[in-house]
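A short write-up of the structure that comes next.
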Amino acid sequence: MPKDPEQFRATLLAYVETLRRTGRRSIRLWPGWRQALRSISIPRQEGISESLSAAQASLPQEAGPPQESIPNSLSRPSTGSPEPTDREERVRRLEALRQATAGCRRCAHLAGSRSQIVFGVGNPHARLLFTGEAPGAEEDRQGEPFVGPAGKLLTRMIQAMGLQREDVYIANILKCRPDLPPGTPGNRKPTPGEMETCLPYLREQIDIIRPEVIVALGATALEGLTGLRTGISTMRGTFLDFQGIPLLPTFHPSYLLYRPDLRLKRQVWEDLLLVMKRLNLPISERQRGFFLIPSQG
Ligand code: SF4
């Protein structure tokens with residue numbers, strides 16, 4: 001709890017005033033502030049006292065659990081930090097969408113062949129969202145995107161950025177595994193029509209999460225999101241736009257597994273460095289040097 005009530009009151013008033021000017025209608029109360037707010041008197045001041053009085057009135061008698069913080073470098077800056085109500089709202093909306101998706105039969109052939117929907121996984125207020133094209137066999141079995149060998153590589157890529165898988169959000173354009181004739185091994189590329197049919201779900205996920213950057217993994221994901229068939233080699237490393245959010249295409253991790261070439265790895269890593277820069281994430285000298293090709297001379 002702040003030691004000086006006057007200083008605390010001034011700080012709180014300034015904080016509320018800032019929120020009021022930016023149109024915010026609720027305030028985030030840290031545990032110490034909850035206690036202190038109960039003990040201060042609120043001056044009558046237009047537009048502020050009402051907010052604080054309402055905040056006082058809504059305080060629980062017992063201090064609740066500490067506010068969750070986002071313990072990593074992907075935390076949104078305090079000025080853009082989601083309100084607890086906003087956080088709960090995102091979780092609620094994502095869950096409602098997940099349930100709506102679970103019974104989807106828009107593509108009858110996929111609804112008949114899937115084991116389950118592979119909705120998406122991760123932080124509901126992630127600043128970074130990765131999307132691939134469609135679930136594979138392992139994803140279909142587990143109900144989670146990117147859990148097969150390519151998914152494991154994606155997890156290592158995320159960790160190389162100094163993050164954890166739980167910090168970001170991971171999804172696919174298609175929520176059902178593209179079907180194959182029984183007994184056929186491997187995976188099939190989703191068709192443009194299938195992606196178009198399912199895309200509204202990803203659009204809604206993005207609308208709820210509001211990430212600051214989206215990474216499209218592979219040419220099919222890029223095509224599904226933008227309609228571009230220019231090729232991933234040409235488009236990678238260039239920020240595009242998707243629903244007003246910067247979209248960076250890069251190679252799919254499965255391509256890196258298929259072609260374990262240091263140059264390709266470096267290209268993908270350079271794309272991720274661009275993302276880190278865009279998100280103002282710290283980049284160490286060591287990180288800058290990942291997958292650099294040793295000079296011949
Ligand atoms: S792929 Fe998408 S649109 Fe098609 S059935 Fe599955 S969830 Fe529905």
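Any read-out appearing in this document is the output of simple, stated calculations on the displayed coordinates, not a laboratory observation. Remember, predicted model here, so these are calculated numbers, not experimental data. We place every Cβ from the backbone using ideal geometry, glycine too, and count neighbours over all the protein chains shown.
Just a few scattered comments:
- Taking the stretch 82-215 and dividing mean pair separation by its residue count, relative contact order in percent (alpha carbons under 8 Å, at least six apart): 33
- Summed side-chain charge close to E223 - residues other than E223 whose Cβ falls under 13 Å, Lys, Arg +1, Asp, Glu -1: -1
- Residues D271, D261, arranged from fewest to most other Cβ atoms within 10 angstrom of their Cβ, appear as D261, D271.
- Most tightly packed first, judged by the mean number of other beta-carbon atoms within 10 Å of their residues, the peptides 101-109, 212-220, 282-290 read 212-220, 101-109, 282-290.
- By average C-beta atoms within 10 angstrom, highest first, the peptides 145-157, 193-205: 145-157, 193-205
- Ascending count of other beta-carbon atoms within 10 Å, so fewest first, for V275, V91: V91, V275
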